[in-house]
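K.L.:
The structure's right below; bear with me while I get my questions together.
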Amino acid sequence: MVNLVNGFSKWPEDQACRKATVELAHVVLRSDVAQFSDYTQQALATLVNGFSKWPEVATLYQVAVELAREVLRRADRLADFTPQDIANLVNGFSKWPEEATIGQAALALAGEVYHRAARLSGFTEQGLENLITGFCKWSREPACRQATVAIATEVVRRAHRN
């Protein structure tokens, strides 16, 4: 299912891809939410990022909230998430900035980025861009501001290295 959502999300303007993704989201919502505990970090990130291509669809929003809850359940294990997973989660969650649970998950991810400040070299330029674009949706939050400053420091470091 994760690969299907990821694939369909590459064509967000296509109604058939949108409809198929919504049907997959219905399957997720009908199943036991505890199933998310079996998902890898990459699977969570791929689903969030895929569902975020249609942020106006209520079913996809509902699944995104459940996925945010799972990220919060794993808050003490965010160090296990790869840079790409974190960037994809923040990018995806940023499509629903007004939702409280999603915002809490984004803030937890911002805290993880800040804690990795000395190790941001693992993030690609695209990943850093996704983080900045995402964190700006919660620009009044101290955690996002701290993460953004850490990213800015990494950008300056890379500029001086080149």
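The values are calculated or read from the model by the stated rules, or taken from the named source; none is laboratory data. Because the structure is a prediction, the values reported are computed rather than measured. Neighbour counts run over all protein chains shown; Cβ positions are idealised from the backbone, glycine included. Just the protein is used for accessible areas: all its heavy atoms, side chains included, with ligands, DNA and RNA removed. Shrake-Rupley method; radii C 1.70, N 1.55, O 1.52, S 1.80 Å.
K.L.:
Once you have the Cα-Cα distance between residue 58 and residue 30, take 0.36 nm times their residue separation minus that, and quote the gain in nm to one decimal.
P.N.:
8.6 nm
K.L.:
Counting only protein heavy atoms and using a 1.4 Å probe, what share of the accessible area of the stretch 35-153 belongs to carbon plus sulfur, as a whole percent? Working shown, then result.
P.N.:
Numbers: 2600 of 5310 Å².
Of the solvent-accessible surface of the stretch 35-153, carbon and sulfur hold 49 percent.
K.L.:
Which one, 57, 27, 5, projects farthest toward the positive side of the charge dipole computed for the stretch 1-122 from Cβ point charges (K/R +1, D/E -1)?
P.N.:
5
K.L.:
What does the accessible area per residue of the stretch 22-130 come to in Å², with a 1.4 Å probe and no ligands, DNA or RNA counted? Please list the in-between numbers first.
P.N.:
On the way: 4800 Å² over 109 residues.
Ligands and nucleic acids excluded, the figure is 44 Å² per residue.
K.L.:
Mind giving me the nanometre distance, one decimal, between the label points for residue 126 and residue 82, set 7 Å out from Cα along Cα→Cβ?
P.N.:
1.2 nm
K.L.:
Please report how far the C-alpha centroid of the stretch 46-81 lies from that of the stretch 12-45, rounded to the nearest whole angstrom.
P.N.:
The distance from the Cα centre of the stretch 46-81 to that of the stretch 12-45 comes to 10 Å.
K.L.:
List the longest stretch of the chain that has no exposed loop site; here a site is one of the GluC sites (Glu not before Pro) assigned by DSSP to anything other than H, G, I, E or B, with at most 14 other Cβ within 10 Å. Display every interim value, and only then the final one.
P.N.:
Working: sites that count: 13, 56, 98.
Answer from the scan: 99-162.
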